[in-house]
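Engineer: First, the structure itself, so that you have it in front of you.
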Amino acid sequence: MLLDDNELDNFINEKVIEASQFAEKVYITSSGKSALEFLNNLATTGQVADSIYPEAIFIDINMPMMDGFQFINNLKQLQKGKVKDCKLVILTSSIYPEDKTKAMEISEDLVFLNKPLTSEMLASI
């Protein structure tokens, strides 16, 4: 799943993921709220949803209404016992070390990457 408010970034990242054959299906959303609604709907539909639940979510930090960190915190509440955990990847243009520090405080398993996404980055996940 790609979560970024920039439609062009989503388009480019989707093409990189498809070209790298990283995922069979790429879900795209431009807001944290709509992503949470989608994931919550999957969580409440049972086993069928488990097979289509994203294995990785690429999250932009700087988004209006709900930033990437708020999305991650809300997602962690959603995932508790309801759905399988997935790989969370922050994919950002931020160059601030504080953002990477904040990400590592949320979870050591969180991957922090700077845009643009490349096939080499996907191979390292």
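The values are calculated or read from the model by the stated rules, or taken from the named source; none is laboratory data. Computed from a prediction, not measured in an experiment: that's the story for all the values here. Quick reminder, even Gly has a Cβ in these numbers, built from the backbone with ideal geometry, and neighbours come from all protein chains shown.
Engineer: I need every pair where a residue in the range 101-123 that is without any contact (Cβ under 8 Å) to a residue 24 or more places away in the chain has its Cβ under 9 Å from the Cβ of a residue that is among the acidic types (Asp, Glu), sequence separation at least 6 or different chains.
Structural biologist: Close Cβ pairs satisfying both conditions: Asp109/Asp85; Phe112/Asp99.
Engineer: Which of (1) at pLDDT 90 or above; (2) in contact with a helix residue (DSSP H, G or I) (Cβ under 7 Å, 6 or more places away or on another chain); (3) surrounded by fewer than 12 Cβ atoms within 10 Å (Cβ to Cβ) does Lys84 not meet, given it meets every other one?
Structural biologist: For Lys84, the failing item is (1).
Engineer: Output the residues belonging to the range 93-121 that are in a loop (DSSP other than H, G, I, E, B) and β-branched (Val, Ile, Thr).
Structural biologist: Ile95, Thr118
Engineer: Quick one: how many residues across the range 57-92 are in a strand (DSSP E or B) and more than 20 Å from Lys33 (Cβ to Cβ)?
Structural biologist: Total meeting the criteria: 1.
Engineer: Can you confirm whether Thr101 is of a type in the set (Val, Ile, Thr) and surrounded by fewer than 12 Cβ atoms within 10 Å (Cβ to Cβ)?
Structural biologist: Spelling it out, Thr101 is indeed of a type in the set (Val, Ile, Thr) and surrounded by fewer than 12 Cβ atoms within 10 Å (Cβ to Cβ).
Engineer: Still on this structure: Regarding the range 7-17, can at least one residue be identified that is farther than 22 Å from Ser124 by Cβ, touching a Ser or Thr at 6+ places or on another chain (Cβ under 9 Å) and either at pLDDT 95 or above or assigned to a strand (DSSP E or B) (or both)?
Structural biologist: Yes, some residue in the range 7-17 is farther than 22 Å from Ser124 by Cβ, touching a Ser or Thr at 6+ places or on another chain (Cβ under 9 Å) and either at pLDDT 95 or above or assigned to a strand (DSSP E or B) (or both).
Engineer: Looking at Phe11, is it surrounded by fewer than 15 Cβ atoms within 10 Å (Cβ to Cβ), farther than 13 Å from Leu91 by Cα and of a type in the set (Phe, Trp, Tyr)?
Structural biologist: Yes: the conditions hold for Phe11.
Engineer: Now for a separate question. Can you give me the number of residues within the range 32-52 that are more than 13 Å from Leu75 (Cα to Cα) and either within 14 Å of the chain's Cα centre (by Cα) or not in a helix (DSSP H, G or I) (or both)?
Structural biologist: 2
Engineer: Take the conditions over 30 Å from Glu98 (Cβ atoms), free of Cβ contacts under 8 Å to residues at least 24 places away in the same chain and part of a loop (DSSP other than H, G, I, E, B) and apply them to Glu24. Does it pass?
Structural biologist: When the stated conditions are applied, Glu24 passes them.
Engineer: A further question on this structure: What is the one condition in (1) at pLDDT 90 or above; (2) at positive phi that Glu37 does not satisfy?
Structural biologist: If we test Glu37 against (1) at pLDDT 90 or above; (2) at positive phi, just (2) comes out false.
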